[in-house]
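Below: one structure, written as structure tokens.
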Amino acid sequence: MEKKIIAQNKKARHDYHILDTFEAGIVLQGSEVKSCRRGAVNLKDSYARIADGEIYIINMHISPYPYANRFNHEPLRKRKLLFHKREIKKLYGKIREKGQSFVPVRIYFNQRGKVKVEMALARGKKLHDRREDIRKKDMKREAEKELKYKR
């Protein structure tokens, strides 16, 4: 059984240079897990912050579960990520460096059915870097197109 991807943050790879990735558990309520199973998660514009020795993910939107009635969750509440203390200390120093961000790349169910978040330590791209990436992607697409027609 493989990882079942719930949502991906494609904008993160577009806006940032990914330096390192980390896997973390996430503290969710029951209705949030049900919404995750339906794929009702949006990682766009979400990021992580360290507060009180804990890491929290902010602006991750998990849509309310329609059958939870009054036991539903707040869609944009901050959610705690589960890291070891030594990982948090290591990340704290890296995130404080100028230009570094800690953003979610994707959220998925692992083989045991637990919700996990792949977080990335990233550095923001400049406008000319984004244009260069687009130019490389276009050149690669054109080369593949030429190979396809030569056959």
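Remarks
Conditions (1) over 29 Å from K126 (Cβ atoms); (2) not in a loop (DSSP other than H, G, I, E, B), marked per residue:
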| site | (1), (2) |
| --- | --- |
| A7 | no, yes |
| D20 | no, yes |
| E23 | no, yes |
| V33 | yes, yes |
| K44 | no, no |
| P75 | yes, no |
| Y92 | no, yes |
| P104 | no, yes |
| Y108 | yes, yes |
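- Residue identified as of a type in the set (G, A, S), in contact with a strand residue (DSSP E or B) (Cβ under 9 Å, 6 or more places away or on another chain) and in contact (Cβ under 8 Å) with a residue 40 or more places away in the chain among A48, A40: A48
- When each of Y16, Y67 is tested for being touching a residue at least 40 places away in the same chain (Cβ under 8 Å) and of a type in the set (S, T, Y), the lone residue that passes is Y16.
- Residues satisfying the stated conditions in region 48-72, i.e. in a strand (DSSP E or B) and either crowded, with 18+ Cβ neighbours inside 10 Å or modelled with pLDDT of 90 or more (or both): A48, E54, I55, Y56, I57, I58, H61, I62
The values are calculated or read from the model by the stated rules, or taken from the named source; none is laboratory data. Small disclaimer: the values here were computed from a predicted structure and weren't measured. All Cβ positions, glycine included, derive from the backbone under ideal geometry; neighbour counts span all protein chains shown.
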